[in-house]
Amino acid sequence: MNVKWPKIPLYIIATLLFGVKTYIIYRFMFSIELDNSMQELILFVNPFVSAFLIFALSVWFKKQSRQMKFLRYTALIGTVILYFNLVFYRSFTDFITIPQLFQASNMGDLGSSILTLIEVYDIFLFADVAIIWYLSRKKSDSVAVKYPRSGKAFALAMSFVLLAGNFFLAEMERPQLFTRAFDREYLVKNIGLFNYHVYDLAVHSKVKTQRVFADGTELPEIKDYVDQLRSDEKSDLSGVAKDKNVIFISAESLQSFVINEDVNGQEITPFLNSLVGDKDTYYFENFYHQTMQGKTSDSEFLTANSLYPLSRGAVFFTHGQNEYHALPELLSDEGYYTASFHANNKSFWNRDQMYDSIGFDHFYGDEAYETTADNSIGWGLKDKPFFEQSIKYLQTLEQPFYTKFITLTNHFPFDLDEEDRSIEPYDSNSNTLNNYFPTVRYMDESIEQFFDQLKDAGLYEDSVIIIMGDHYGISETHNKAMSQYLGKEEITPFDHIQLQRVPFFVHIPGDGNGKVMSEVSGQIDIKPTLLHLLGITTENDIYFGNDLFSNNRKGYIAQRNGDFISDDYISTGDICYDRATGEPVDDNTSVVATTSNNPCKPIEDKVAKELDYSDDIIYGDLFRFVDFAENE
Ligand code: GP9
Ligand code: MN
């Protein structure tokens, strides 16, 4: 029997077959979350775009046999890459990264369980390869193409157009997808697994070269600098929380402007407000977040390391495998059990990897929680059930423990079920700001309940409870609505910086000396502050913050973009403001003795230097050259 094959080029057939297969794997074998029809569309489009990109290269081979061979092997290799990712995903719910590929322990885990990860029906995933293989060998005369130069160029141009279209949709759906270096799931979902691997390779090579050229000779200068920042840091509170548990609550998108304020005549955060005047609580009213594109993860990075996050991308993502000397690790060394609780995908912000690097003993991620349609909203499990469900784990932990809880409900776009709404939204042209208030209130109630649950569980008395806003929730886009709420004509750059204040509470049951602290402070200060409260010395450590209870502080807080807030000034966008009045400082009146007329200049220089040193440490992975234990 001589079946006549229609003249469809094999590279087109391969694109269709491989595209359909990839789509089926994305859609039904990986559990990729799709929140809207745009995401559905992108997920459907990108398998075909990636497949075309590769297979269309075949038209450049002059010899028919080479063209066929190229298609056969790329289909096979592509399938093997997909399949490895699938097997890996079944075990880790994550996609392979280059460092992970070389991470012996991960692969070891996989090795022992690999048989349980393979399914009989997986064989069908190779069906398209078999078809391509067959056609390329038996029907090559009818499926090979012989394009003139223009045809080849057209195929190539087509590849780029499709790729650009895909990236355009992806960027629309998730702005700053690449620079924010989001979760791997986001990348795969938006640009496809193969482009994701190319991206991962690029990030990896950049990181590796910078690391290769570092040799540790930069360290003495950095060490001298940080030593000057904290000549005598002892504070009256050193050791007051010795051997106590630490419960650190990272409050999503909580900004200070809601504290002790009303909306529609109703109190926004009654519980947190009650802590402000509480005898066991230190409340820092001039505490700034210092995060950049890594948002929550940057705040975690700052908190754990007292180093600055990066100006581009999320350090959790780009330098997840560096050597650190972080708070969880230090506390583990002191006999603490350390764990983080966050009801979200473990690989989000690359937490699974970074938490290992900074020394958390355990990460209770989404699989530790029972999440149903009823108890979740927006990004996932609501804060109240999150805390409720966490208590049982907390009770089983060995004490003393250091635990971190990351809330989620008060996240953009601030969705909230009617039943969870205790106060009404605000009324302005920004729904984001309007809805922010009820979700903040919900989070406030969830924290109040958590305090009660801790008391019921008998954990409260022996714990220090820290509450920190992770970063802003209301961006500059909503300035008009914000100025309306604040009763201001406009939001000036000075106001904008002041809006970067986030609440920071240190609650020490039984302390009795609590007060409102007005010092300029920030997330960079948390590591030394906590360590000192717990009675742990930090003399030989390298970090850029100060103990918040010490009188001997450097007196300014740097923003990642070089802006800063000092005791007397706020510098932003090259304007130096008087912090007390909010007015720009007249260049001709030199308020402090400086070499220049601009009183902000000397601090600006220090800030720039400090940010550079911190970057050097991260890009060069310099802590691998320091033996902190030896120094002690
Ligand atoms: C995700 C949560 C929110 O796990 O921490 O991240 P964000 O967008 O705020 O950085
Ligand atoms: Mn956040």
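Only the coordinates and a few stated rules stand behind these numbers; no lab work does. Since the model is a prediction, treat every value here as computed from it, not as a measurement. No Cβ is skipped: glycine too gets one built from the backbone with ideal geometry, and neighbour counts run over all protein chains shown.
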What percent of all Cα-Cα pairs in the chain falls into each 20 Å bin, going from 0 up to the bin containing the maximum distance? 17, 47, 27, 8, 0
Leaving out same-chain residues fewer than 8 places away, which aspartates and glutamates sit with a Cα under 13 Å from that of Lys606? Asp563
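Quick check on segment 10-210: what does the Kirkwood estimate of hydrodynamic radius come out to from the alpha carbon pairs, in Å? Intermediate results must be reported in sequence, preceding the final value.
Working: mean 1/r = 0.0555 Å⁻¹.
Kirkwood radius, segment 10-210: 18.0 Å.
What is the order of Met292, Met38, Met354, fewest Cβ neighbours within 10 Å to most? Please list the in-between numbers first.
Details: Met292 21, Met38 14, Met354 25.
Ranked by crowding around the Cβ, least crowded first: Met38, Met292, Met354.
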Write down the percent of antiparallel bridges among all DSSP beta bridges whose residues are both part of the chain, to the nearest 5. 50
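Which whole-number percentage describes the relative contact order of the chain, with Cα contacts under 8 Å and a sequence gap of 6 or more? All intermediate terms of the calculation are to be shown ahead of the outcome.
Numbers: 1051 pairs, mean separation 111.9, N = 632.
RCO, the chain: 18 percent.
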Could you give the spread of the C-alpha atoms of segment 245-292 along their three principal axes, from largest to smallest, in whole angstroms? 35, 32, 18
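How big is the Cα convex hull of segment 182-334 in projection, averaged over all directions, in nm²?
So the mean shadow area of the Cα hull is 14.0 nm².
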Just tell me, in residue order, which DSSP H segments of the chain are both 24 angstrom or longer along the helix axis (alpha-carbon based) and at least 0.5 in mean Kyte-Doolittle hydropathy. 37-55, 149-173
Within a 10 angstrom radius of the beta carbon, how do Arg230, Arg351 rank from fewest other beta carbons to most? Arg230, Arg351
After finding the eigenvalues of the alpha carbon gyration tensor for segment 237-552, what semi-axes result from the square roots of 5 times each, listed largest first in whole Å? 28, 22, 21
Per-residue Cβ neighbour rank within 10 angstrom, fewest leading, Phe18, Phe178: Phe178, Phe18
